[in-house]
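To start, the structure itself, in structure tokens.
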Amino acid sequence: MRRHVQVLAVAALAALVGGCGIRTTSVPVDAGAAPSRVPCQVTDDGTTETAAQGVPVRVFLVCGSQLESVDRRSPLPEEKVGGDPVRTAGRLLAQLLAEPSESEREAGFSTAVRGPLTVGGGHRGDPAGTLRLSRQPEDLAPTSLSQLVCTFAESSAGAGGHTVLLGGPGAYAPKRYRCTAELRERPASTPPTAPTPTPS
């Protein structure tokens, strides 16, 4: 009698599993990575009047452990920027130091760049186009430096070829940092460098 009850129980359990619509399998199934809950895309918040003011700039922020570009507006008038790479770098740095807007935060964006931090032109003997930070680049957090490198390199403040000549306040020679696809995917890694041009 006891054996008969056990057989009925096993049969009932099999019926329940079969009725749930999930086919059992002994082979592991790779369903892929879980879908990301971070959109990394800023939606229009309706502030068209504010967005129409200022100079358009593009900065790289952190979103989903990667670097993603975000279009913003700098309040600095166009005539005060012109083709001066130092002024351009200054307005870009100001954008990186600013807290993300509400719509950017909702989309998952953040910034690792922290002050106090300023940027200026190169020292005497530096290659043309060198930018000097008020802190040594190697002393910055890797993600912070990656944001700076990609933001500067992908602008008119860069040295061409997705690179930027960046140094610190001391006598150390500047380095030519590269913004690569790998760096944008892993901004916590050390930014790669390229050969530094001969000083002009």
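The values are calculated or read from the model by the stated rules, or taken from the named source; none is laboratory data. Just so we're clear, the structure is a prediction, and the values are computed from it rather than from any experiment. Every residue, glycine among them, receives a Cβ derived from its backbone with ideal geometry; neighbour counts consider all protein chains shown. Heads up: the accessible areas ignore ligands, DNA and RNA and are worked out on the full protein's heavy atoms, side chains in. Shrake-Rupley method; radii C 1.70, N 1.55, O 1.52, S 1.80 Å.
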Which listed residue is touching a Ser or Thr at 6+ places or on another chain (Cβ under 9 Å), within 19 Å of S69 (Cβ to Cβ) and surrounded by fewer than 19 Cβ atoms within 10 Å (Cβ to Cβ), from R114, R184: R184
Failed criterion for E154 (all others in (1) open to solvent by less than 50 Å² (accessible area, probe 1.4 Å); (2) in contact with a Phe, Trp or Tyr (Cβ under 9 Å, 6 or more places away or on another chain) hold): (1)
Helices (runs of 4 or more DSSP H) contained in region 86-200 and holding at least 1 residues over 13 Å from the mean Cα position of the chain (by Cα) and either hydroxyl-bearing (S, T, Y) or within 17 Å of C63 (Cβ to Cβ) (or both): 102-106
Output for region 117-150, where each listed residue is surrounded by fewer than 21 Cβ atoms within 10 Å (Cβ to Cβ), polar (S, T, N, Q) and touching a residue at least 60 places away in the same chain (Cβ under 8 Å): T143
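I'd like the full set of residues that are touching a Ser or Thr at 6+ places or on another chain (Cβ under 8 Å) and open to solvent by less than 70 Å² (accessible area, probe 1.4 Å), limited to region 187-200. Talk me through it step by step, then tell me what you get.
Taking region 187-200 first, the residues touching a Ser or Thr at 6+ places or on another chain (Cβ under 8 Å) are 187-189, 191-192, 194.
Within region 187-200, P187, S189, P191, P192, A194 meet the criteria.
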Which numbered condition G168 fails, given (1) on the phi > 0 side of the Ramachandran plot; (2) of a type in the set (G, A, S); (3) open to solvent by less than 10 Å² (accessible area, probe 1.4 Å): (1)
